[in-house]
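Written below as structure tokens is the structure these notes are about.
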Amino acid sequence: MEQPQYVVAHLRRALAEDPRTAELGVQVTIRGDVVVLGGEVSSEERKLQMETVVREQLPHARIHNDVHVTRPAAPVETETLEPDRSERS
């Protein structure tokens, strides 16, 4: 079996380049014989697709998918910006 760091690099590249996932910010780690996925994605479908991509690369691997789904929300408060008083006119 390849060194874990090479497997991780291979999986990260597969997750970044596969159009179903296109994820750059997901963490991939190897713990013993388990591939652990972590981070945040915007949909449940994307989370499941990440597992599918890993399974295609490592068909016999055990996968722990610890990715969280976060839905972007509009801010509830408006932010008021003050002029920078340190600048001289």
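The values are calculated or read from the model by the stated rules, or taken from the named source; none is laboratory data. No experiment lies behind these values; they were computed from the predicted model shown. With ideal geometry, Cβ positions are generated from the backbone for all residues, glycine too; neighbour counts draw on all protein chains shown. Ligands, DNA and RNA are stripped out before the accessible areas are found, and what is left, the full protein with its side chains, is counted by its heavy atoms. Shrake-Rupley method; radii C 1.70, N 1.55, O 1.52, S 1.80 Å.
Counting Lys and Arg as +1 and Asp and Glu as -1 over every other residue whose Cβ lies under 13 Å from the Cβ of L11, the net charge comes to -3.
Looking at the chain alone, DSSP beta bridges between its own residues are antiparallel in about 40 percent of cases.
For E40, the residues 5 or more places off, or on other chains, whose built amide H falls under 5 Å of its own are H68.
Take the Cβ atoms of S42 and Q3, set R0 to 35 Å, and the FRET efficiency comes out at 0.65. A value for semi-axes √(5λ) of the Cα gyration tensor in Å was derived from the coordinates, and within the list (1) 34, 17, 16; (2) 38, 17, 11; (3) 22, 18, 11 it appears as (2).
With all protein chains kept in place, the per residue accessible area of the chain amounts to 79 square angstrom at a probe of 1.4 angstrom.
In the chain, the portion of solvent-accessible area held by carbon and sulfur atoms comes to 49 percent [1.4 Å probe, whole percent, DNA, RNA and ligands not counted].
For the chain, the relative contact order comes to 25 percent (Cα pairs under 8 Å, sequence separation of at least 6). With θ taken as phi - 60° and the Karplus curve 6.51 cos²θ - 1.76 cosθ + 1.60 applied, the whole-hertz 3J(HN,Hα) list for the range 38-44 is x, x, 9, 9, 8, 8, 5 Hz, x standing for glycine and proline.
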